[in-house]
Amino acid sequence: MASLSVKPGQRFTLPDWKNNSLLISADAEQQRFNSHHVRQEGRALRNETGNQAKWDEHNSRTHLKDRITTVDKWREALAKCLADIDLEIDALTKVKEAAENAIQAKNLCLDVAIECLTFRESRRDIDVVRDPVEEELLREVKVIEKTKKELQQRVDDAFKQLCLLKEARQQLSCDHRHKVEALELDRQCMSFNPTSGNISFKVNPTRIPYGTTALSEWELNSRRNKERVEAEMRASVDLRGAITLSIAQTNNELDAQRIATEFALRKRMRDMEAALSELRWQEKNTLEEIAEMEEEIRQLEEDIRKRTLDLKVAHTRLETRTYRPHIELCRDQAQYGLTDEVQQLEGIIRALQQKRTESQDALDALYRQLHRIQTDIGYKTNSLQLDNKCMDTRRKLVVPVEKFDPEVDAVSRTRNLPRDSQLEL
């Protein structure tokens with residue numbers, strides 16, 4: 001009789017077969033769900049990043065427009081200052097030439113007075129007397145010589161002021177030229193778009209180039225240049241008025257100027273001491289904040305270390321549970337709980353690390369601010385010392401001007417004579 005052939009091997013039960021089919025179906029549904037979720041997240045991410053990129057480009061373009069507007073306003077202001085200082089240089093040059101012509105004109109008056117005195121020396125016998133005419137002539141010679149000396153001093157002041165004006169104009173012209181170049185570059189940046197032919201990747205484009213300055217420093221430099229030109233022009237206008245009017249200096253006016261200047265110096269020293277006190281208070285508070293921030297960073301690092309240990313425990317538990325045998329290797333609630341714990345711990349560690357980075361950045365900023373405060377304290381301390389030296393030096397003003405022996409500047413090799421325009425104020 002023929003025998004039934006039986007295929008050798010393991011035989012599964014019908015429930016096992018059904019469970020396997022159900023498991024395959026469940027896994028397929030889970031995978032489709034996961035795929036759908038990933039697709040939705042990808043779509044949301046694409047929308048979000050696309051909108052973010054558009055807004056970032058819009059903000060950058062807006063900032064460029066604002067910057068161009070700001071720089072263009074400064075360019076116009078500096079251009080106007082350049083035109084004004086050119087007019088002032090021409091005006092002061094003409095006034096200086098007028099003063100030189102006035103000195104030449106005084107020579108004729110002096111020659112006439114001396115000639116008259118010479119003629120009167122030819123008198124004889126009893127007529128050779130010191131009469132009021134001779135006294136007036138002698139007084140006239142003295143007045144003319146004094147006037148010539150004053151006018152020559154005005155000419156010297158005008159020459160010095162012209163040098164200061166030209167120096168300030170040179171610095172302002174350089175600043176104006178730099179702003180024109182910066183405008184051209186920013187306008188070129190405005191013209192760039194994704195379809196431009198001259199765009200490409202650059203090596204480390206976000207680096208901070210050497211010599212980069214802060215915005216406040218840039219604005220301060222522009223304002224300083226403009227204010228210096230305006231101050232020099234104001235000084236030039238005052239000097240032209242002094243030359244034109246030929247104001248006679250008196251000891252009372254000199255004392256008034258000395259008192260006013262010393263009053264301003266004392267007031268400036270009080271302001272400097274107040275500023276130093278405020279800076280030292282800021283330094284103290286900054287040091288305290290640095291200490292607190294360093295302690296906070298240490299606490300964050302300690303929390304990161306603890307959460308890292310917790311994450312290691314969770315990882316170890318998950319890895320250990322992978323060795324469960326056969327059907328015991330199931331995704332039970334403990335597995336889900338450990339998985340959630342790992343994800344939560346990883347998120348916590350990332351958040352702590354991000355906060356540690358932010359705290360470190362804040363600490364670095366505090367150190368930079370502390371350095372800036374301490375540097376400014378040094379500057380102001382030096383300025384206060386210089387103001388004290390100025391007060392000591394101004395005691396020379398009690399000496400008459402004609403007896404005052406000015407010091408010689410070791411750099412410019414010029415004599416630091418007090419200006420008549422300063423004395424008359």
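Values quoted throughout were computed directly from the atomic coordinates according to the rules given, and no laboratory measurement underlies them. Everything numeric here is computed off the predicted structure, so don't read it as measured data. Ideal geometry is used to build each Cβ from the backbone, glycine not excepted, and the neighbour counts take in all protein chains shown.
Among 198-206, 74-82, 178-186, how do they line up by average Cβ neighbours within 10 Å per residue, starting with the highest?
74-82, 178-186, 198-206
For region 30-90, go through all pairs of different Cα atoms, get the mean of 1/r, take its inverse, and jot down that Kirkwood value in Å. It would help to have the intermediate numbers written out before the result.
Working: mean 1/r = 0.0627 Å⁻¹.
Across region 30-90, the inverse of the average 1/r is 16.0 Å.
For residue 43 and residue 79 in one chain, what is 0.36 nm times their gap in residues minus the Cα-Cα distance, to one decimal in nm?
Full-extension gain reported as 7.7 nm.
How big is region 145-188 on each of its three principal axes, counting only the C-alpha atoms and giving the largest first in Å?
For region 145-188, the Cα extents along the three principal axes come out at 64, 9, 5 Å.
Please give, to one decimal in nm, the separation of the simple spin-label points placed at residue 173 and residue 210, each 7 Å out from Cα toward the Cβ.
Here the answer is 2.9 nm between the modelled labels.
Expected output is a single nm value to one decimal: the length gained when fully extending between residue 26 and residue 344, i.e. 0.36 nm times separation in residues minus the C-alpha distance. What is it?
Additional length available on full extension: 111.8 nm.
So how many Å³ per residue does the convex hull of the Cα atoms of region 332-379 work out to?
In region 332-379, the Cα hull volume divided by residue count equals 29 Å³.
Give the residues of region 181-216 whose amide nitrogen is closer than 19 Å to a point set 7 Å from the Cα of residue 367 in the direction of its Cβ.
Taking a point 7 Å out along Cα→Cβ of residue 367, the residues of region 181-216 whose backbone N falls under 19 Å are 208.
What is the Å³ per residue value for the convex hull set by the Cα atoms of region 165-232? Could you put the intermediate results ahead of the total?
Values: hull volume 7.6 nm³, N = 68.
For region 165-232, the hull spanned by Cα atoms encloses 112 Å³ per residue.
Averaged across orientations, what area in nm² does the convex hull of the alpha carbons in region 295-372 project?
Working: hull surface 21.7 nm².
So the mean shadow area of the Cα hull is 5.4 nm².
Given a Förster distance of 51 Å, report the FRET efficiency between residue 306 and residue 274 from their Cβ-Cβ distance, rounded to the nearest 0.05. Walk me through the numbers on the way to the answer.
Details: r = 48 Å, r/R0 = 0.94.
So the FRET efficiency works out to roughly 0.60.
What does the extension gain come out to for residue 220 and residue 164, with contour length at 0.36 nm per residue minus their alpha carbon separation?
Length difference between fully extended and current span is 18.1 nm.
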